[in-house]
Amino acid sequence: MPDLLWQPTRNGQWVKFKATLPSGVANRQDGGLPAVHTTRDGWLVGIFSRGGADATGELRPSRVHLVAVTGENVEYLSPAGKLENVAFLPEEISVWMPLLDPADLPPGRPLPAGASLLP
Amino acid sequence: MPAVVPNDSEPTLLSNLLAGGALENWTLKLYKTNVTPAETDTIASYTVADFTNYTNKTLTRSISGSTWSTPASGAPTGSWSGEASVAESTYQQQSWTCGATGNTIYGYWIEGATSTKLIMAELFATARTLASGDTLNLTPRIGLA
């Protein structure tokens, strides 16, 4: 049962979540785009990035980047005609939980030997 | 957004803080795969850039006018922390100028120059598509809150 009050606190934390995908993103591998990765029970998988300025000085808010089966970010063609990463602001996510089972990681980005997902 | 310090490097960094000693230099690398850094990552999670004229950069573990700046207290740059006062240091700006063949650069990582252990990694807010003549400037910054 998900804790509706839970929010990620760790930069780079793996999370599983429920959200509405932007139009144009589908679980597909045609056109060279990698498929969206989901857990065995159907949750989307992403990585939480804490907001702030990057090393080039550009600012971004905190968000969760949707991850593909390859382990890379999922891209889509935005309404503005730009190729962008599918990323969700916290308020766009209906429910989220920490991803704790290595079997739910995308196959292209397995857990390194000796590593753990546990807090 | 703040760089991710992976779980694997945390003991090393803490040892550096507590015991000091001989500190290995770090290597700064740009990556060309669209990857958001995760706390479980290693250097194998990223693919290094290979545009014409690309080179890795050495970040010397020292404090001087040409390496890391003297740490100073102040408000966090770019809102990376909710604390009102943090300590920060920046490394001299690093630059790359692309030659004939370009890359799309998504971020950078820093690894131990000798150990090759991943120290930290960051996805740029906006990917940089480098073509001939384009320059990418990057200022590494480390803070303690």
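Can you give the charge dipole size of the stretch A:56-109 about its Cα centre, rounded to the nearest 20 debye, using +1 on the beta carbon of Lys and Arg and -1 on the beta carbon of Asp and Glu? Intermediate values should be presented prior to the final figure.
Working: 4 positive and 8 negative charges, 23 e Å.
So the magnitude is around 100 debye.
If you average the sequence gap of Cα pairs under 8 Å that are 6 or more apart and divide by the length of the stretch B:30-136, what percent do you get for the contact order? Display every interim value, and only then the final one.
Details: 192 pairs, mean separation 32.6, N = 107.
Computed value for the stretch B:30-136: 30 percent relative contact order.
Bin all alpha-carbon pair distances of the protein assembly as shown at 10 Å intervals from 0 and give each bin's fraction as a whole percent.
7, 29, 36, 22, 6, 0
Can you tell me the alpha carbon radius of gyration of the stretch B:90-145 divided by the globular rule-of-thumb value 2.2 N^0.38 Å? If you can, show how the numbers build up before the last one.
Details: Rg = 13.1 Å, N = 56, 2.2 N^0.38 = 10.2 Å.
In units of the globular-protein estimate, the stretch B:90-145 measures up at 1.29.
Under 13 Å Cα-Cα from B:Lys32, which aspartates and glutamates qualify once same-chain neighbours fewer than 8 residues away are excluded?
A:Glu72, B:Asp50, B:Glu122
With springs connecting C-alpha atoms under 10 Å apart, model chain A as a Gaussian network and identify which of A:Pro34, A:Pro79, A:Pro61 has the largest mean-square fluctuation.
In the Gaussian network model the winner is A:Pro79.
Counting only DSSP beta bridges with both residues in the stretch B:37-143, what percent are antiparallel, rounded to the nearest 5?
Rounded to the nearest five, the antiparallel share is 95 percent.
Could you list B:Asp50, A:Asp101 in order of exposure, starting from the residue whose Cβ has the fewest other Cβ atoms within 10 Å?
Details: B:Asp50 10, A:Asp101 13.
Fewest-to-most Cβ neighbours within 10 Å comes out as B:Asp50, A:Asp101.
Specify whether the C-alpha gyration tensor of chain A places it in the rounded, prolate or oblate class, a ≥ b ≥ c being the square roots of the eigenvalues: rounded for a/c under 1.5, otherwise prolate if a/b is larger than b/c and oblate if not. Display every interim value, and only then the final one.
Values: a/c = 1.40, a/b = 1.15, b/c = 1.22.
It is rounded, given that a/c, with a ≥ b ≥ c, falls under 1.5.
Classify the stretch B:59-100: rounded, prolate or oblate, from the alpha-carbon gyration tensor (a ≥ b ≥ c, eigenvalue square roots; a/c under 1.5 rounded; otherwise prolate if a/b is larger than b/c)?
Numbers: a/c = 4.14, a/b = 1.62, b/c = 2.56.
Since a/c reaches 1.5 but b/c is at least a/b, the shape of the stretch B:59-100 is classed as oblate.
What is the fewest-to-most order of B:Asp8, B:Asp41 by other Cβ atoms lying within 10 Å of their Cβ? Before the final figure, lay out each step's value.
Values: B:Asp8 18, B:Asp41 26.
In increasing order of surrounding Cβ atoms, one gets B:Asp8, B:Asp41.
Please report B:Trp68, A:Trp6 as a ranked list, fewest other C-beta atoms within 10 angstrom at the top and most at the bottom. Mind showing how you got there, number by number?
Working: B:Trp68 18, A:Trp6 12.
Ascending number of Cβ neighbours within 10 Å: A:Trp6, B:Trp68.
With the Cα gyration tensor of the stretch B:20-132 in hand, convert its eigenvalues to equivalent ellipsoid semi-axes via √(5λ) and list them largest first in whole Å. Working shown, then result.
Details: eigenvalues 125, 61, 50 Å².
Equivalent-ellipsoid dimensions as semi-axes: 25, 17, 16 Å.
FYI, it's all coordinate maths here, none of it is from the lab. Values in this document were obtained by computation on a predicted structure and should not be read as measured data. Using ideal geometry, Cβ is built from the backbone for each residue, glycine included, and neighbour counts are taken over all protein chains shown.
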